[in-house]
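Below is one structure, written out as structure tokens; comments come after it.
The values are calculated or read from the model by the stated rules, or taken from the named source; none is laboratory data. These numbers come from a predicted model, not from an experiment. Cβ sites come from the backbone with ideal geometry, for glycine too, and all protein chains shown count toward neighbours. Note: areas computed on protein heavy atoms with side chains; ligands, DNA, RNA excluded. Shrake-Rupley method; radii C 1.70, N 1.55, O 1.52, S 1.80 Å.
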Amino acid sequence: MWPQKNSNKPSNVTGQATKEESTDNWNNKKESTDCSLYDSGRTDSGFISGANIVSEEITIPSPPPGDKESTSYVRLDSGVDVGLSDQFSELCIDETGRGEEKKVSEEDVRPKCIEEVPWQIYFEQDDDGDTQLHIATIQGSVEVVFNLIRMVPSPHYLDLRNDMRQTALHLAVLTSHPRIIRRLVCAGASTQSVDRNGNTALHLATAAGDYNCVRALTEPVTAMEVAAAQLRYHPSPRQPQPPELDMYNYDGLTCVHLSVMRREIPILRHLSCIGANVNARECKSGRTALHIAAEFRDAELGSLLLREFRANPQVLDYSGKTPYHLARNDHTFIMVLLSSGASYETDFSSDSEYDSDSDSELVMQGFRDLHTNGIVNATA
């Protein structure tokens, strides 16, 4: 039978007994904890449990009954002085001071970057030699290109070449962006710069048959276009007849030769109207556009060159041949030549592939068929 609680026991005695019991329980728990913490059975190097350890118990008077907070604890001190002074605990970060220091830094450094060199960052060349202007042009980012053009103090930066010797103007033609081409031309970008094959932007546009790009490269620049570009400099005035019209690439071809070889009649007509030399001879064999048309046996193109563009049928190539010699087996082309004022020729150079007597006789027979009483037979 469990003993009955004595109800006549004073309340202070009951409180004292409760306090002693709680103290004993806490001491038992502490001893148990101390034993488990410093048990010699655990692996110890001797540093932790040696003479360096100082255990100091700090006891605070017990709180009134019912207070749940602990009033005693154990403080461990390794005995090692790390040299930290009491002032270390008083250190603090002054947010105001740090803000003032940052403000001074921004005032001293940042405005210089903004005013002096920000635009140069966009014209630094990468591993392929491309600037941001090259990249924006390839991607067709028209507004980005326009902004980059407004940044530069000189058109020199518009003519930077990448590792392929291409300027932004070359890339604008290759990606067919007439608006970008036109803004670069108005800003003073060089239309005579050549790539690694000696091609100007006009060579590339002609070879691609891109009539819009050809016009963007060659049409006169107006004052209104220059004003719209909002440049930081005054571009040099563009010549009435662009000098690149008759420039040769490394294959010895002008834009007229390329337009004839690719039969780009609208481009050929445009080039002729702005002053390109239709009778220019290419550098390898000395052929004119009419020689090339004769080799292709293209009577329609030959007629166009002779009648509209006033090509000269008497020009000799480097082997001494006229277009008449090259087209001697094509009766239609010869008829076109003779009707346009070409002379009747039978003398071929000795090193010609047409040097044999049989070939000469065949040619003469063909010529006789094309003539009736000295008049060209238009129906032949």
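If you check 301, 290, 271, 305, which single one turns out to be in contact (Cβ under 8 Å) with a residue 40 or more places away in the chain, out of contact with any Ser or Thr (no Cβ under 6 Å at 6 or more places or on another chain), farther than 20 Å from residue 208 by Cα and not in a loop (DSSP other than H, G, I, E, B)?
After applying the criteria, what remains is 305.
With the structure loaded, tell me whether residue 204 is under 24 Å from residue 162 (Cβ atoms), surrounded by 15 or more Cβ atoms within 10 Å (Cβ to Cβ) and not polar (S, T, N, Q) or whether it fails that test. Considered against the rule, which asks whether it is under 24 Å from residue 162 (Cβ atoms), surrounded by 15 or more Cβ atoms within 10 Å (Cβ to Cβ) and not polar (S, T, N, Q), residue 204 comes out as yes. Residues that are farther than 22 Å from residue 253 by Cβ and touching a helix residue (DSSP H, G or I) at 6+ places or on another chain (Cβ under 8 Å) within the range 287-332 comprise 299, 303, 324, 328, 329, 330, 331, 332, listed in sequence order. Could you say whether any residue in the range 312-329 is among the acidic types (Asp, Glu) and under 22 Å from residue 245 (Cα atoms)? Taking every residue of the range 312-329 in turn, at least one turns out to be among the acidic types (Asp, Glu) and under 22 Å from residue 245 (Cα atoms). Within the range 254-272, one or more residues are touching a His at 6+ places or on another chain (Cβ under 8 Å), on the phi < 0 side of the Ramachandran plot and not small (Gly, Ala, Ser). Residues in the range 307-327 that are among the aliphatic types (A, V, I, L, M) and farther than 13 Å from residue 268 by Cβ were compared, and the one that is surrounded by the fewest Cβ atoms within 10 Å (Cβ to Cβ) is 316.
Residues in the range 244-296 that are in contact with a Cys (Cβ under 9 Å, 6 or more places away or on another chain) and open to solvent by 50 Å² or more (accessible area, probe 1.4 Å): 246, 248, 251.
The set of residues from the range 145-165 being open to solvent by 30 Å² or more (accessible area, probe 1.4 Å) and in contact (Cβ under 8 Å) with a residue 12 or more places away in the chain comprises 150, 151, 153, 154, 155, 157, 159, 160, 161, 163, 164, 165.
For the range 234-249, check the following and say yes or no: at least one residue is farther than 19 Å from residue 272 by Cβ and outside any loop (DSSP other than H, G, I, E, B). No, there is no match, as no residue in the range 234-249 is farther than 19 Å from residue 272 by Cβ and outside any loop (DSSP other than H, G, I, E, B). Every test in (1) within 24 Å of residue 214 (Cβ to Cβ); (2) of a type in the set (D, E, K, R); (3) surrounded by 17 or more Cβ atoms within 10 Å (Cβ to Cβ) is passed by residue 330 save one, and that test is (1).
Table: residues versus (1) under 22 Å from residue 223 (Cα atoms); (2) of a type in the set (A, V, I, L, M, F, W, C); (3) under 12 Å from the mean Cα position of the chain (by Cα).
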| position | (1), (2), (3) |
| --- | --- |
| 141 | no, no, yes |
| 156 | yes, no, no |
| 167 | no, no, yes |
| 170 | no, no, no |
| 173 | no, yes, no |
| 190 | yes, no, no |
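If the condition is being touching a Pro at 6+ places or on another chain (Cβ under 9 Å), hydrophobic (A, V, I, L, M, F, W, C) and within 23 Å of residue 325 (Cβ to Cβ), then the range 245-291 contributes only 290.
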